[in-house]
Structures are given as C-alpha cells and as structure tokens.
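Report on the following structure.
The values are calculated or read from the model by the stated rules, or taken from the named source; none is laboratory data. Everything numeric in this text was worked out from a predicted model, so none of it was measured. Cβ: placed from backbone, ideal geometry, glycine included. Neighbour counts: every protein chain shown. For the accessible areas, the whole protein counts, side chains as well, though only heavy atoms, and no ligand, DNA or RNA atoms are used. Shrake-Rupley method; radii C 1.70, N 1.55, O 1.52, S 1.80 Å.
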Amino acid sequence: MSNENRSTINVMVRLLELLKPLILILSVAVIAGVLGYLAAMFIPILGSYGIINAIGLASNIKLSTLLAFLGVIGFSRGILHYIEQISNHFLAFKILAIIRDRVFSSLRKLAPAKLESKNKGDLISIITGDIELLEVFYAHTISPILIAIIVSITMILFIGRLHFVLGIIALFAYLTVGVLIPTVASKRNKENGEKLRKNMGNMNTFMLDSLRGIKEIIQYDAGNSMVRKLNNKGEKLVEDQKRMSKNRGINMAVTGFAISVFSIAILFTSLYLFNINLLDENAVLISTVSMFSSFGPVIAIANLGSSLTQTIAAGNRVLDIIDESKEVIEVKDKMDIDFSGASTKDLSFKYEGDKYILEGINLNVEENEIIGIVGKSGSGKSTLLKLFMRFWDVDKGEVKLNPLNIKEINTARLRDMESFMTQDTDLFHDSIINNIKVAKLDASLEEVKKACKMASLDEFISDLPKGYNTEVGELGDTLSGGEKQRIGLARTFLHNAPFLLLDEPTSNIDSLNEAIILKAIREDKKRTTIIVSHKESTMRIADRVINIESGRMS
Ligand code: ATP
Ligand code: MG
C-alpha cells in the first residue's frame with residue numbers, strides 16, 4: 001500500500017470533498033443543530049430572567065411572556081434535535097455508500113496486477129471496519145464542528161454585549177475547551193490511533209491466513225503456536241485499546257476542569273465589574289449562567305479529540321486505496337480488431353524488483369496453431385501469459401495481437417478475444433453452473449454443457465445429486481483438485497474466444513480425462529492456443545514446443 005502520510009487537515013479536507021453532493025443536507029443538519037443548542041442554552045438563561053423577575057429585582061420582561069417563550073423553546077429543542085440527528089445520519093450512511101462505491105471501483109481498476117501484492121486481510125479490514133468508522137466523521141464530526149463555531153460566536157456576542165471583558169473571557173473559554181484541549185489530545189493519541197487500526201488489520205490477515213492454511217497447521221501440528229500468536233496479537237490490541245480509553249478519561253477530566261475554571265472566572269470578573277459599577281446585578285447572574293450553560297457544543301468537539309485520531313487513520317487508509325494508481329491504463333478509444341495471430345518482439349519484463357523475469361523474447365503464434373511452452377519452475381511462463389492478457393505492460397519490446405501492439409487495442413476487446421485459464425482455479429461460493437457462467441454470463445444451459453463436455457466434466461456434474469445446481473463449498477474445498485481444474489477449463493471453453501491461454505491446464509488431471517480434454521482442444525479448429533505445461537503427455541498436442549530457460553527462449 002502506498003501509505004502516504006497525509007496531515008490530519010489534509011485527510012479531513014479530502015473526506016469533505018467527497019461530501020459535495022450532499023451539501024444541502026449538511027446545511028439542514030447544521031442549522032437545526034445551531035438552533036437546537038441555542039434553544040437548550042436559553043432555557044436556563046430565560047430561567048434566570050424569571051428569577052430576577054420573581055425576586056423583584058428590576059426587570060422589564062413580563063413573567064407570562066417569559067413562560068410562553070420557555071414553553072416554545074423547550075418544545076422546539078426536541079424537534080430540532082431530531083431533525084439534526086436524522087439529517088446527520090442520513091448524510092453519513094449516504095456518504096458511506098458513495099465511499100464504498102469509490103473503493104470498489106478503485107479495487108476493480110487495481111485488479112489484478114496491484115491486488116496480487118496486496119495484503120488481503122488489510123483490504124478486508126479497510127472495506128469493513130475503516131469505512132464504517134468514517135460514519136463517526138460524517139455523522140458526529142463535521143456538523144458538530146460547524147455548530148460549535150456558530151453557537152460559540154453567538155454566545156461570545158451575547159455575553160460580550162453585557163461587557164466586552166466578559167466576551168473575551170468567553171472567547172478564551174471556547175478556544176480552550178473546543179480547540180486547545182482536543183488538539184493536544186489528538187496529538188497525544190495520533191500514534192495510538194494509527195497503531196490500533198494497523199493491528200486490527202494484522203489480526204484480520206492472520207485469521208484469514210490461518211483459515212486458508214488450516215490443513216497445513218493441522219498437518220504440521222502448529223496449532224498451539226498459532227493460538228499463542230493469536231493471543232499475542234489479541235493482547236496487543238487490548239493494550240492499544242486500554243491506552244486509548246485512559247487518554248479519553250484524562251481528556252474528559254481536563255475538559256471538566258477547564259469548564260469550572262472559566263465559569264468561576266466569569267463569575268468573579270462580573271462581580272468585580274459590578275463592584276466598580278460597570279455592570280448591574282442582573283448581568284452578573286445572566287453572564288455566569290450563560291457561560292456555564294453554553295459549553296455543550298464545544299464539549300462535543302472535545303470528546304471527539306480521542307476518537308478523531310482513529311477516524312483520521314481510517315480515512316487515510318481508505319484514501320490510500322482510492323488514490324492508488326493502477327498498473328495498466330486501459331484504453332477505450334483505440335482499435336477493435338479481429339484475431340489473426342499473436343506475437344512478441346524483443347519482449348523484456350520485470351516485476352517491482354531489478355531482475356528481469358523475461359528477456360528478449362521473440363515469439364510468433366500463427367492463427368490456429370497450438371504452441372507449447374515448457375521451462376523450469378519460476379522461469380516466467382505464467383508471466384508471459386499474463387503479459388498477453390495485458391495485466392502488466394512490458395518494459396521493453398512489444399506484445400502484439402497481429403498486427404497491432406496490444407496497447408493500441410481496446411482493452412475490453414482484447415480480453416474478449418483471449419481466454420485465460422490461470423494456474424489455480426478460484427471458485428466462488430455459488431452453484432457450479434454460476435461458477436462456470438462467470439466466463440459468459442448470458443450462456444444457455446446448452447452452451448455450458450457443451451463446454452463441460454469439452455472439459456470432460458459433464459458426466460461428473462450430471463452424477464451429482466443436484467447436478468449443475470450443486471453448491472460449491474467455501475473456497476471450493478468440497479471439490480478435488482482435478483475437478484476444480486476442469487471447472488477452470490470449462491470456463492475457458494465457454495468464453496469462446498479465438499485465442500486460448502492455458503496455464504498448466506492438466507497438472508491435476510488423470511490421463512484418461514486428460515486425453516479427452518486434449519482431444520477437444522485439438523479438434524477445436526477455430527482457436528489458437530498457447531499451452532504451458534510440465535507434462536510431456538500434454539505437450540504432445542502442440543504443433544511447436546518452445547523452451548523458456550530462466551527468462552530466455554531456446
Ligand atoms: P511455475 O512453473 O512454477 O508455474 P512460472 O514459469 O510460471 O513457474 P512465473 O509465475 O511466471 O513462473 O514467475 C516468474 C518469476 O516471477 C518467479 O520468480 C516469481 O517469483 C516472480 N513473480 C511472479 N509473480 C510476481 C509478482 N506479482 N510480483 C513479483 N514477482 C512475481
Ligand atoms: Mg506458472
């Protein structure tokens with residue numbers, strides 16, 4: 001993963017940009033929130049006016065008016081809060097849907113080249129956990145910040161109108177509780193938050209690996225050591241979480257302390273101003289009550305301080321995926337051609353490292369020819385097939401579907417002309433027929449059966465209790481290696497492309513089934529085939545056999 005180190009502000013700005021289409025709902029949430037908080041604050045403030053009235057101190061507001069006002073405010077407070085919450089959550093879940101969509105389309109672009117090297121557990125924890133965590137950001141972060149700013153400014157003006165010194169104290173009070181304390185808290189917690197998200201990803205990877213390797217673990221009796229490792233990871237997570245909640249506690253205590261200090265400061269300052277005749281006694285009461293009851297919105301921000309670090313870390317990881325550049329730039333506005341042979345010219349290729357996997361490969365595949373490729377393990381045979389699919393672009397030389405360089409052919413058309421059977425067949429948790437139909441979604445049962453006959457699979461499937469509708473177990477574990485491989489072959493045949501790329505299509509298949517399959521390939525005159533295999537029996541159907549020795553042809 002690119003793991004760029006974006007600043008907190010940078011992440012927040014990027015996350016906000018995603019929100020553009022929903023700006024109207026955000027405004028509704030903020031307005032409702034501001035009015036709601038103001039309503040809540042003015043309940044005690046109006047109450048104070050009531051007390052002033054009741055104890056007969058000078059006041060020019062009628063008690064009945066005041067009570068009516070209080071009733072209206074109390075009632076609307078509830079409704080406003082409801083509107084704020086509902087719009088915030090509508091906004092949050094809508095935006096999560098948008099982000100999921102962005103992440104999935106990003107993953108599609110990255111497949112297969114970039115995904116091959118990615119950590120799958122990490123991806124899963126990003127898709128599930130991290131995106132979910134952003135709900136906190138969208139539902140409980142943005143509008144609270146905007147609300148706090150607007151409400152605080154209103155209150156500074158309200159208190160400052162009594163005396164400007166009181167206004168200045170209010171300003172400092174809000175800045176301390178709403179900005180200073182959360183900033184310090186989030187700085188102290190930044191590392192923790194990032195570590196927690198990362199360890200969460202590690203845990204997922206470990207679980208996934210262990211499940212996939214469960215047979216190896218049992219066979220080599222590694223169970224105990226795996227459990228120990230798992231415990232270790234769990235303890236690390238608990239440590240992280242403990243540290244986080246300890247910091248949260250400290251944060252809340254400091255916030256509470258600051259609120260008391262500033263409320264007392266306002267009380268004493270206003271008393272002093274009263275003593276030197278710059279303020280009347282009503283103002284003393286009103287300013288102190290206003291100050292004390294107006295911290296709600298900034299406290300909401302202060303409490304964010306500790307969770308914000310995690311949210312930002314999650315946002316960072318999500319943005320990493322959205323920003324990842326892809327390996328191959330797919331083309332749409334180039335040429336659509338018909339297949340008439342393929343070739344490579346002085347092709348050289350390397351993965352991330354410095355070592356060339358393939359060097360100076362010149363290969364010419366005539367139409368309707370069957371080319372066999374042999375070579376020792378790791379010599380680059382599978383890589384060559386992937387280059388024909390344009391999963392990667394070559395570093396030097398050319399790959400062509402005659403007469404064009406494959407970069408000049410529309411990528412969708414290119415993949416349509418080619419049918420690639422990978423060395424390992426991956427199955428989906430679905431019925432056998434759907435597993436085969438991934439190669440051609442609108443295929444009829446007849447077409448599927450024909451492909452299965454070519455792959456010597458029809459008989460096996462027909463004998464299953466539910467036939468073609470039999471469910472394939474998780475990870476295809478309920479099928480034998482050879483059966484899985486024949487499903488892979490059936491897919492390739494169903495795709496019905498003129499150019500077949502078969503990577504070890506028969507490595508798990510017995511000689512009887514192999515003979516049936518090879519005969520089908522041989523007799524299928526309309527196709528051109530490259531077949532990679534270690535088996536001599538399979539190579540016998542090739543018109544020509546080419547040997548790739550450590551990246552070179554011989
Ligand atoms: P085998 O007969 O065992 O299937 P192969 O000839 O098909 O071997 P390739 O799969 O083409 O070999 O791999 C060639 C080399 O490239 C190997 O050393 C392999 O480790 C390396 N390699 C394969 N895929 C990647 C990748 N995505 N990133 C980096 N290196 C890779
Ligand atoms: Mg291979």
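Computed over the alpha-carbon atoms, region 1-101 gives an Rg to Rh ratio of 1.26, Rh here being the Kirkwood radius from the mean inverse distance. Restricting region 279-363 to GluC sites (Glu not before Pro) that sit in a DSSP loop and have at most 14 other Cβ atoms within 10 Å of their own Cβ leaves Glu330, Glu352. In region 74-168, a dipole from Cβ-located charges (positive for Lys and Arg, negative for Asp and Glu) runs towards its positive end, and of Asn88, His163, Val151 it is Asn88 whose Cα lies farthest in that direction. To test your reading of the geometry: what angle, between 0 and 90 degrees and rounded to tens, separates the Cα axis of helix 131-140 from the longest principal axis of the chain? It works out to around 20 degrees.
Averaged over its residues, the chain has an accessible area of 50 Å² per residue, based on protein heavy atoms and a 1.4 Å probe. For region 262-404, a Kirkwood radius taken over Cα pairs fed into Stokes-Einstein (37 °C, viscosity 0.692 mPa s) yields D = 147 µm²/s.
Under the criterion of Cα pairs below 8 Å and six or more residues apart, the relative contact order for the chain equals 15 percent. Here region 44-122 and region 176-202 have alpha carbon centers that stand 23 Å from each other.
Please grab the % of Cα pairs in region 58-107 that end up more than 13 Å from each other. Value for region 58-107 (Cα pairs over 13 Å): 71 percent. For the peptides 462-468, 39-45, residues were scored by their other Cβ atoms within 10 Å and the scores averaged per peptide; the highest-first order is 39-45, 462-468. Compactness of region 126-259 was expressed as the Cα radius of gyration divided by 2.2 N^0.38 Å, which yields 1.61. Here is the tail figure for region 349-466: Cα pairs spaced more than 20 Å apart come to 57 percent of all pairs.
Computed from the alpha carbon atoms alone, the convex hull of region 385-435 holds 103 Å³ per residue. Over all distinct Cα-Cα pairs of region 1-52, the Kirkwood formula returns a hydrodynamic radius of 14.5 Å. Coordinate range of the alpha-carbon atoms in region 196-266 per principal axis, descending: 73, 17, 10 Å.
The alpha carbon convex hull volume per residue for region 25-163 rounds to 129 Å³. Across q = 0.14, 0.22 Å⁻¹, region 482-554 modelled as identical point scatterers on its alpha-carbon atoms has Debye log10 I(q)/I(0) values of -0.44, -1.05, in the order of the q list. Protection proxy ranking of 393-402, 27-36, by the mean of other Cβ atoms within 10 Å over each peptide's residues and highest first, is 27-36, 393-402. In a solvent-free Debye calculation with one equal scatterer on each Cα, what is log10 I(q)/I(0) for region 342-553 at q = 0.11, 0.13, 0.14 Å⁻¹, listed in the order of the q values? The computed values of log10 I(q)/I(0) come out as -0.53, -0.73, -0.84. When Rg and Dmax are taken over the Cα atoms of region 370-413, they come to 11.7, 33 Å. Sorted largest first, the principal axis extents computed over the alpha-carbon atoms of the chain equal 110, 52, 51 Å.
What does the helix-only formula give at 222 nm for the chain: each DSSP H stretch with n ≥ 4 adding -39500 (n - 2.57), the total divided by the residues, and the result rounded to the nearest 500 deg cm²/dmol? -20500 deg cm²/dmol, from helical runs alone. On a per residue basis, the convex hull of the C-alpha atoms belonging to region 281-351 measures out at 204 Å³. Taking the 1.4 Å solvent-accessible surface of the chain as the whole, the part contributed by carbon and sulfur is 60%.
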